[in-house]
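The values are calculated or read from the model by the stated rules, or taken from the named source; none is laboratory data. These numbers come from a predicted model, not from an experiment. Backbone-built Cβ (ideal geometry, glycine too); neighbour counts: all protein chains shown.
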Amino acid sequence: MKLCILCAKQRAVLKRPKTGQQICQACFYHVFETEIHHTIVDAKLFRRGERVAIGASGGKDSTVLAHVMKQLNEQYDYGLDLFLLSVDEGITGYRDDSLETVKRNQQQYELPLKIVSYGDLYGWTMDDIVREVGLKNNCTYCGVFRRQALDRGAVMLGVDHIVTGHNADDIAETVLMNIFRGDIARLGRCTEIVTQGESSIRRSKPFKYTYEKEIVMYAYFKKLDYFSTECIYSPNAYRGYARTFLKDLESVRPSAIVDIIHSGEAFEIKSTVKMPSQKTCERCGYMSSNDTCKACVLLEGLNRGLPQLGIGKESRVRKQIAESEQKELPTVVQHFSQIQRDADAPDIIQPRDPSTVYTPPPRMPTGVLDPPTKKTLDW
């Protein structure tokens, strides 16, 4: 029997993917939560009295984030007013079921929940979009729309700050993707732990240095209620190829994930490189590097019956708009300056009968040292 390397009292039950330490369950909880607390304190993420929205999808990352944020807020007296904020993309058989998990989390953590939907905000659900554009570029639509939907929901809640469950693996994947695409503008900011959203709403990533495997282990040992199925429209996503490449690197060198993040932080862009300037979309008032934001361009393509409008280079987009015989369509998205803050706290949203909801079993990590003779400790 191997004893925990930290307390030397309890039996070691897991090997940390991040450090290789063999530790007991209690010590794992302590170091996991303490590292996140230090990340929050070192980066000065929060100010006392802030209203903070937790981006909640029902998955492992956002569920663990909600659990840890509530616990740390009480343990270290951050003085934050916490909310859950979810986006309903309109994906039948995936998002409708995962939102039921968020509704249960709302009751388990006693946090108010606000849900905004693509259908209400844009007039299109992801099911509608996929029927129009197919499975190749649908993630582009979803990513652009979801980012703006979170900011819109935050304005409705009147929050000052949004925290998301992006972990170290996610950030390392983003660094690789931006390098592969030669996207200098995004490469310069993708490793920032805090970014500025619309209407002075800050976004931060408390899990910036937290490995995905450890999040899975924490959720499993704590028996948290989360939804573990991947999006049904994501098999062809470009990020999936970067993820596979990163996992291959990690299997050879576990520190590869945090090494890539530190490399991204160290990148310096020459002063002679022309960077896009920050503007405001003329149509919806959202932040943009062009006169019209990406979301409005994509929406115009959908409404014109030109689903590939906005996919690719900006010069091609302008050419497609010029060649289109239809007149410019009116904006269907509410202008940011017109969004009203909710007068009252969100109502309790009751989850459906669990027997009518598909909930996959929790993801089981195989980094547990049982039986003791097992030598391969990856999952």
All but one of (1) touching a residue at least 60 places away in the same chain (Cβ under 8 Å); (2) closer than 16 Å to residue 210 by Cβ hold for residue 51; state the number of the condition that does not hold.
(2)
Tally, over region 219-230, of residues that are in contact with a helix residue (DSSP H, G or I) (Cβ under 8 Å, 6 or more places away or on another chain) and surrounded by fewer than 22 Cβ atoms within 10 Å (Cβ to Cβ):
6
Kindly indicate whether residue 135 is touching a residue at least 12 places away in the same chain (Cβ under 8 Å), over 29 Å from residue 223 (Cα atoms) and outside any helix (DSSP H, G or I).
yes
Within region 325-367, tally of residues that are farther than 30 Å from residue 16 by Cα, at pLDDT below 85 and of a type in the set (Lys, Arg):
2
List the number of the failed condition for residue 141; all other conditions in (1) closer than 24 Å to residue 65 by Cα; (2) modelled with pLDDT of 90 or more hold.
(1)
Of everything in region 97-129 that's more than 29 Å from residue 49 (Cα to Cα) and touching a strand residue (DSSP E or B) at 6+ places or on another chain (Cβ under 8 Å), which residue is surrounded by the fewest Cβ atoms within 10 Å (Cβ to Cβ)?
119
Single unsatisfied condition, residue 200 versus (1) closer than 30 Å to residue 33 by Cβ; (2) at pLDDT 90 or above; (3) not β-branched (Val, Ile, Thr)
(2)
Would you pick out the residues in region 26-44 that are farther than 17 Å from residue 74 by Cα, surrounded by fewer than 18 Cβ atoms within 10 Å (Cβ to Cβ) and touching a residue at least 24 places away in the same chain (Cβ under 8 Å)?
31, 43
Complete set of residues in region 99-119 that are among the small types (Gly, Ala, Ser) and in a helix (DSSP H, G or I)
119
Qualifying residue in region 120-129 (condition: in a helix (DSSP H, G or I) and closer than 30 Å to residue 213 by Cβ)
yes
Taking the conditions exactly as written (at pLDDT 85 or above, within 14 Å of the chain's Cα centre (by Cα) and basic (Lys, Arg)), does residue 213 satisfy them or not?
no
Look through region 270-310, keep the residues that are touching an Asp or Glu at 6+ places or on another chain (Cβ under 7 Å) and within 14 Å of residue 148 (Cβ to Cβ), and return whichever of them is surrounded by the fewest Cβ atoms within 10 Å (Cβ to Cβ).
287
Of all residues in region 19-73 being of a type in the set (D, E, K, R) and in a helix (DSSP H, G or I), the one that is farthest from residue 229 (Cα to Cα):
42
